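Heads up: the structure comes next, in structure tokens.
The values are calculated or read from the model by the stated rules, or taken from the named source; none is laboratory data. Note that the coordinates shown come from a computational prediction; the quantities given were computed from them, not determined experimentally. Using ideal geometry, Cβ is built from the backbone for each residue, glycine included, and neighbour counts are taken over all protein chains shown.
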Amino acid sequence: ELAEILGEELELPRVQPKGSPNVEQEKARYNSVRKTGPESLRHFRRTYVQALKRHIVTGAYDALRPKVVPIREDARYRSWSNTSQPQANAAILYMMDVSGSMTDEQKQIVRTAAFWIDTWLKSQYQGIERRYIIHDAAAKEVDEQTFYHTRESGGTRISSAYRVCADLIERELPPSEWNIYCFQFSDGDNWGEDNVQALSLLKEKIVPACNLFCYGQVESPYGSGEFINALEGAFGEEHESVVLAEMENREAIFTAIRSFLGKGK
């Protein structure tokens, strides 16, 4: 229901998974009948039909008094087989700057945005894999709890997060099998000399592998806010699979989500 409300309020289009779903899921299907099995799988209609046939063949059936009583030999049970079904899987990779310039308020904005992003994408895919990367001058993959509650005091090197992200995709999430969504949140502060390396990793490794790469820049009293300008210079404002949004405060969260997910990719 939350996803439906979100979709209606923000007028979000349905997601169209890219390519063919190559990930297969084993699923049990009841597609046959057999003479033995547990009572919980008794096929009552087939059991009745078998009993009726027996009554007719033996002459025990009375059309004026149509009473059919199944016996053990009449019992029929549902049987199943495992089949492989295509399943379009999605992986959401969250990246967040946890350097000293990111305050608790900025993290709350990120947490709220991520909740609604999860809510929408879960309604569009059967399987969702979520991975979390944090960084200051160095980056690492962490669990969800650590992602939202860690704060460091060091500087910022965005390329470190992109390198971990690219390695994760290459190692565990082949784009031929996964619909990949990357969401990065930062206050836009980055060591100036790192921009070239960060943009190179983004262009060559990450964006080509993703359905969407979304960058949300939260406003901070400490950050320079310059990185979004570097991204605009590299990708423009209307790139097919790169979406940029500024999130000045909590009121801007849903505007950013509409920008992120409004492409239906």
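Among residues that are loosely packed, with under 15 Cβ neighbours inside 10 Å and among the charged types (D, E, K, R), ASP167 is included.
Of the set (1) closer than 19 Å to VAL98 by Cβ; (2) at pLDDT 95 or above, all apply to GLY223 but (2). Of all the listed residues (GLY192, GLY233), the sole one being modelled with pLDDT under 90, more than 19 Å from ILE117 (Cβ to Cβ) and assigned by TED's automatic domain parsing to the domain that holds ILE128 is GLY192. I'm checking my understanding of the structure. Among residues of segment 55-78 that are surrounded by fewer than 16 Cβ atoms within 10 Å (Cβ to Cβ) and among the basic types (Lys, Arg), which one is farthest from THR36 (Cα to Cα)? Ranking the candidates gives ARG65 first. Going by the structure shown, is ILE253 surrounded by 14 or more Cβ atoms within 10 Å (Cβ to Cβ), at pLDDT 90 or above, within 23 Å of the chain's Cα centre (by Cα) and in a helix (DSSP H, G or I)? Yes. Among the residues of segment 227-254, the one identified as more than 14 Å from LEU202 (Cβ to Cβ) and aromatic (Phe, Trp, Tyr) is PHE254.
Let's see how each residue does on (1) aromatic (Phe, Trp, Tyr); (2) within 38 Å of the chain's Cα centre (by Cα); (3) under 22 Å from TYR125 (Cα atoms); (4) at pLDDT 70 or above:
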position	(1), (2), (3), (4)
ARG29	no, yes, yes, no
VAL33	no, yes, no, yes
GLY59	no, no, no, yes
PRO70	no, no, no, yes
GLU73	no, no, no, yes
